[in-house]
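Below is one structure; the comments refer to it alone.
The values are calculated or read from the model by the stated rules, or taken from the named source; none is laboratory data. Remember, predicted model here, so these are calculated numbers, not experimental data. Note that we place each Cβ from the backbone using ideal geometry, even for glycine, and neighbour counts take in every protein chain shown. SASA here: full protein model, heavy atoms, side chains in, ligands and nucleic acids out. Shrake-Rupley method; radii C 1.70, N 1.55, O 1.52, S 1.80 Å.
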Amino acid sequence: MPVNQSQDHDHGYAVTDYRKLEPDYGTEADFREFIAQAHARGIGVIMDYVINHSAYQNPLFLDSKNRLNDKRDWYVWQDHDPGWVNWDNSESWHRVKPTHDYYYGVFWEQMPDFNLKNPKVLAYHHDNLRYWMNLGVDGFRFDAAKHVELPDEFPQHSVYWETILKNGAQYQYGEVLQGDSSLSYTGYTNMFTQYSSDGGGATASDYGKTVRAAIKSSSLNASNLSSLRNGGAKDDQLVTWVESHDNYANGDKESTYLNDYQLRMGWAIVGSRAGGAPLYFNRPKGSGGTNPQFA
C-alpha cells in the first residue's frame, strides 16, 4: 500500500510523508481495522515502501534544497560523483548510474533520490518501517530496490540494507526486475531472505513475460512454462505474477488488453506452481480488456 502523496502527483510513489496513508485508501483507523480483519483470517499484510526517492514536495527535500552549502545532506544532487568509480569499466558505470545518481530515467526535481549513505537517512527509514510494524504490518515490498546497491557491490561498503532490513518483518522482498546482466539478482533475493523471518526475495518479472506470451498466443507449452525463470535464485524466493501494476498501467499497456478469460488462465498457471509467492494485481473497476485502461 503506497503512502501519502502530494495532490500534484497522480500515484503513491511520490511520497511527502512516510507516516501517512494515501488518502484514497482511508484513515489510519481504517488501516488498523483492515490489519485486524486480515490477521483474524490468517492473512499477513505487506506494505509497499518507497526507499529510493521521495516527492520533491517532501519537507526534507525542501529543507535540503534551501541549504545551498549542504546539497548532499538528505538527498543526492545532480553533481554527485562517488569518486572511486572506474569510469573505463562499462559494467561498473551501468550500475553506478542507477544507484548513485538522481533517479534513473526520472527528472530529479520530480522524485529526488535520498542520500542513502547518510546515517540519519538510514535511521529515518528504519524508524518509519518500525512505525508501520508497530501498527501491525507483517512485511514490506521495497519499491525500486535495484536502485539501491548491495552491501558489497562497490568498493565502499554500504550499510543501508543491513540497517533497515533489521526491522522484525516476517516477509520482505524487493522490486528487482530481471534481465539486467550487470545486476546480481541472487544477491538481492538472498539478502531479503536473510533478514526476513518467514521468507522473502525479489520479483520474477521474466516468468510473468513467459506467462503473458503463452496466454496471448494460446500456446501453453509445458516445457516452456515449467521453469520459473528464477535467475539462479530458489523458486521459493520469487514473487510471481501474470501482470503487475507496471505491466498494466504503463504507457506501453503491456498487459492492459488481456481479457478476463486470459487472466484466469494465466493465474491458473501461476497459482498451480509449487514455487513462487503469487502476487495478484487488482485492476481498477471496469477497466482493461476491451474497456479503457482507467475507466
Of 83, 12, which residue is at pLDDT below 80 and open to solvent by 40 Å² or more (accessible area, probe 1.4 Å)? 83
Only residues that are surrounded by fewer than 17 Cβ atoms within 10 Å (Cβ to Cβ), part of a helix (DSSP H, G or I) and out of contact with any strand residue (DSSP E or B) (no Cβ under 8 Å at 6 or more places or on another chain): list them for segment 127-162, please. 127, 130, 134, 162
One residue from 220, 258 being open to solvent by less than 20 Å² (accessible area, probe 1.4 Å) and either in a loop (DSSP other than H, G, I, E, B) or in contact with a strand residue (DSSP E or B) (Cβ under 7 Å, 6 or more places away or on another chain) (or both): 258
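So, residue 242, is that one open to solvent by less than 40 Å² (accessible area, probe 1.4 Å), part of a loop (DSSP other than H, G, I, E, B) and in contact with a helix residue (DSSP H, G or I) (Cβ under 7 Å, 6 or more places away or on another chain) or not? Let's see the steps before the verdict.
Numbers: open to solvent by less than 40 Å² (accessible area, probe 1.4 Å): yes; part of a loop (DSSP other than H, G, I, E, B): yes; in contact with a helix residue (DSSP H, G or I) (Cβ under 7 Å, 6 or more places away or on another chain): yes.
So residue 242 fits the description; yes.
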All positions within segment 115-126 that are open to solvent by 10 Å² or more (accessible area, probe 1.4 Å) and under 17 Å from the mean Cα position of the chain (by Cα): 116, 126
Any residue at all in segment 208-215 that's in a helix (DSSP H, G or I), touching a residue at least 40 places away in the same chain (Cβ under 8 Å) and β-branched (Val, Ile, Thr)? yes
What's the number of the condition residue 178 fails, among (1) under 25 Å from residue 268 (Cα atoms); (2) touching a helix residue (DSSP H, G or I) at 6+ places or on another chain (Cβ under 6 Å); (3) assigned to a helix (DSSP H, G or I); (4) open to solvent by 10 Å² or more (accessible area, probe 1.4 Å)? (3)
Do we find that residue 249 is touching a Gly at 6+ places or on another chain (Cβ under 8 Å) and within 22 Å of residue 175 (Cβ to Cβ) in this structure? no
